[in-house]
1. What are the residues in the stretch 251-273 that are loosely packed, with under 15 Cβ neighbours inside 10 Å and over 30 Å from ILE77 (Cβ atoms), if any?
2. For the stretch 324-336, name all the residues that are surrounded by fewer than 16 Cβ atoms within 10 Å (Cβ to Cβ) and either in contact with a Gly (Cβ under 6 Å, 6 or more places away or on another chain) or of a type in the set (A, V, I, L, M) (or both).
3. Can we say ASP73 is at pLDDT 95 or above and in the same structural domain as GLY141 (by TED's automatic domain parsing)?
4. From ASN169, ASN145, which residue is assigned to a loop (DSSP other than H, G, I, E, B), over 19 Å from ARG80 (Cβ atoms) and polar (S, T, N, Q)?
5. Would you confirm whether any residue within the stretch 8-25 is modelled with pLDDT of 95 or more, in the same structural domain as LEU103 (by TED's automatic domain parsing), more than 13 Å from ALA282 (Cβ to Cβ) and among the hydroxyl-bearing types (Ser, Thr, Tyr)?
6. Hand me the list of helices (runs of 4 or more DSSP H) wholly inside the stretch 179-288 holding 1 or more residues that are over 27 Å from LYS321 (Cα atoms) and at pLDDT 95 or above.
7. Filter the stretch 83-119 for residues that are of a type in the set (Gly, Ala, Ser) and either within 18 Å of VAL51 (Cα to Cα) or out of contact with any Gly (no Cβ under 7 Å at 6 or more places or on another chain) (or both) and give the result.
8. Across the stretch 38-54, what is the total count of residues that are surrounded by fewer than 20 Cβ atoms within 10 Å (Cβ to Cβ) and of a type in the set (D, E, K, R)?
Amino acid sequence: MSGPAMDDVTMGDPRPRIKRIGVLTSGGDAPGMNAAIRATVRIALYNGLKVSGIRRGYQGLIEADIDNMELADVGDIINRGGTKLLTARSEEFMTEAGQKRALDVLRMFEIDALVVIGGDGSYKGAKRLWEMGFPTIGIPGTIDNDLAYTDLTLGFDTAVSTVVSAINNLRDTSSSHGRVSIVEVMGRHCGDIALFAGLAGGVEDILIPERKFDLDDVARKILQGRRRGKLHSIVLVAEGVGKSYEIAERLEALIHQEVRVTVLGYLQRGGTPSVTDRILGAQFGQRAVELLLENKFGRVVGIRDNKIIDQDLEAALAEPKRFDQAKYDLVELLSL
């Protein structure tokens with residue numbers, strides 16, 4: 001179901017009808033969310049809009065955990081990971097009653113439009129509100145980089161840097177002990193973190209959901225490296241591939257060498273946002289407010305070919321994720 005026709009929203013008075021906007025972060029936190037919050041709030045205030053901050057995502061919206069936001073409320077947050085507005089997952093919002101309650105709260109607080117910062121699930125919530133007639137704009141905030149319409153999502157660059165730093169540290173100890181390290185990274189359905197970190201970190205192999213793998217091939221590559229005098233090997237495994245400890249046991253039996261597993265887990269979500277994520281957050285927040293001022297709703301912002309873009313929310317969710325085969329092939333070539 002699509003949202004209200006654009007003509008129905010924009011016809012009549014050409015001046016923006018938005019007076020107060022709400023901002024929330026939903027789902028998993030991602031470095032750069034604070035930069036997006038800061039930009040959204042400051043650009044909105046500069047343009048004469050009022051801003052309400054909604055804490056704890058859609059659950060906080062349902063519970064009316066809402067306060068006004070001023071310039072001082074977003075001071076000194078651009079360098080912080082996580083999200084000042086906090087986040088949560090809300091099963092209640094998935095119900096019709098929860099959605100109606102959220103809509104009632106938005107109207108109760110005289111919020112005219114909502115900026116949602118989050119990933120796929122957060123976007124689906126924004127889409128549902130838009131279908132119910134409430135203006136929404138989406139900003140992509142997820143370390144998984146699994147939204148197909150944009151080249152980068154907030155938090156992805158920082159997460160990849162965190163993984164590469166861990167690889168660098170593990171290489172020292174793995175070399176000292178002459179062992180193989182399996183590093184498990186996030187990515188249930190999208191292997192971009194493993195792909196990009198594997199290429200930047202110079203690992204021996206990557207196992208990702210988008211491609212089937214043969215553990216015999218992984219073992220053969222490690223054994224070939226050992227014959228060349230290589231003391232250690234690092235294999236990146238995206239969590240969607242399978243259980244890393246089981247993979248380690250099978251691999252150890254094939255190569256007769258100690259295999260240790262390191263699960264990075266939520267370390268990938270935290271940390272100071274990279275320059276890339278800070279700049280993206282600022283640009284995404286700016287464009288989100290511009291769309292509201294232009295009376296363009298039910299849209300999401302992103303970046304493509306190094307240009308800030310916006311796209312229909314429903315179309316963005318429907319777009320299939322493109323796998324970067326060239327980078328995957330390059331990892332294979334460089335790890336010979």
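1. ALA253, HIS256, GLU258
2. Within the stretch 324-336, ALA326, LEU330, LEU333, LEU334, LEU336 meet the criteria.
3. So ASP73 passes the test.
4. None of the other options fit; the residue is ASN145.
5. Taking every residue of the stretch 8-25 in turn, at least one turns out to be modelled with pLDDT of 95 or more, in the same structural domain as LEU103 (by TED's automatic domain parsing), more than 13 Å from ALA282 (Cβ to Cβ) and among the hydroxyl-bearing types (Ser, Thr, Tyr).
6. Counting at least 1 such residues, we get 215-227, 244-255.
7. Selection gives ALA97, GLY98, ALA102, ALA113.
8. Within the stretch 38-54, residues that are surrounded by fewer than 20 Cβ atoms within 10 Å (Cβ to Cβ) and of a type in the set (D, E, K, R) number 1.
The values are calculated or read from the model by the stated rules, or taken from the named source; none is laboratory data. All values reported here derive from a predicted model rather than from experimental measurement. So basically every Cβ, Gly included, is an ideal-geometry build from the backbone, and we count neighbours across all protein chains shown.
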